[in-house]
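The values are calculated or read from the model by the stated rules, or taken from the named source; none is laboratory data. In this text the structure is predicted, and so the values were computed from the model without any measurement. Cβ sites come from the backbone with ideal geometry, for glycine too, and all protein chains shown count toward neighbours. Surface areas here come from the heavy atoms of the whole protein model, side chains and all, with no ligands, DNA or RNA. Shrake-Rupley method; radii C 1.70, N 1.55, O 1.52, S 1.80 Å.
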Amino acid sequence: MNILIIHGSPRRGNTWNIVNRVREKINEKIDVDYEIIELSKMKIPMCTGCFNCILKTEKKCPHYESIKYINDKITWCDAMIITSPVYSLQVSGQLKNFIDHMSYNFHRPKYFNKKALIITTTGGVRAKEIANYIKEVLTFWGINTTYKLPIVYRDNNLEKYDKQIDKVLSKFIYTLKNEKIKAPTFKTVASYNSFRSMSTTFYTKGNPDYDYWKNSELYKYPYHPDIKIGMIKSIFGNTLYKVASKKMKNNKDMKYNERKIRIIKRLPKEEGINL
């Protein structure tokens, strides 16, 4: 079993202590090979919001080499543990910067058979809310199953949190040992089919989104074909895809016609007729 730990704290403090406690408990139940990435040590430059990863493929990201290393490790692992302290009511800057660099995964989800454990710590408030935010991000990426471990950590008495840790880890470990794959929620199916329709309606060959959905043949399915979602969700996904695609196509045609009319109005009458 391969587990990748993406540590979002800039230091080895409370969150690191909880991670080590979690590792101890996992090791008691299953054999694991760990890979630990401390984002602060990666020194990834700040995301500039250039949209290259979305519009031109992730290889065009100016910081591609740093992100590629992490991507390769995500591909390698069976599960991830992602951590963050709560800073100013949000994830750490290091983790947010990493998430921003991975934005293309919202458009091109791919980690459908992977699981994740989210660890958030705070001395005050919002550990649960921040864990929910990270879960939402991972769900957009395609991560199949996520478990949350938000801890209000105010002292160094780790044993105090064992009961809370054990409760979450029992579910996480069971899922890992049994290679259990869950069916997605209706909300996840809806999100998937929104990007499915957008990528194949708005774009054409050569666009990274279009090429991904077409080359992987995911555009043919209401959800990843390896994940059983049941008849009702299949019908729901396919119906949403058809309705959304039709609406997007109509909007695309309308914008094209409006643009054509604006061009005609700017041209001499005889040139407008030739259009």
Of residues in region 29-79 being closer than 17 Å to Ser92 by Cβ and part of a loop (DSSP other than H, G, I, E, B), the one most open to solvent (accessible area, probe 1.4 Å): Lys43
Residue pairs meeting the criteria (Cβ under 9 Å; at least 6 apart or on separate chains; first at positive phi and at pLDDT 85 or above, in region 155-168; second open to solvent by 50 Å² or more (accessible area, probe 1.4 Å) and not in a loop (DSSP other than H, G, I, E, B)): none
Qualifying positions in region 202-218 - farther than 14 Å from Pro109 by Cβ, in a helix (DSSP H, G or I) and in contact with a Phe, Trp or Tyr (Cβ under 9 Å, 6 or more places away or on another chain): Tyr210, Asp211
Failed item, numbered, when Lys25 is tested on (1) within 16 Å of the chain's Cα centre (by Cα); (2) of a type in the set (Lys, Arg); (3) open to solvent by less than 60 Å² (accessible area, probe 1.4 Å): (1)
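Identify, please: which residue in region 102-155 is assigned to a loop (DSSP other than H, G, I, E, B) and among the hydroxyl-bearing types (Ser, Thr, Tyr) and is, among those, most open to solvent (accessible area, probe 1.4 Å)?
Narrowing region 102-155 to residues assigned to a loop (DSSP other than H, G, I, E, B): 102-103, 108-114, 123-126, 142-144, 153-155.
Restricting the remaining residues to those that are among the hydroxyl-bearing types (Ser, Thr, Tyr) gives 103, 111, 153.
Numbers: Ser103: 34, Tyr111: 10, Tyr153: 7 Å².
The extreme case among them is Ser103.
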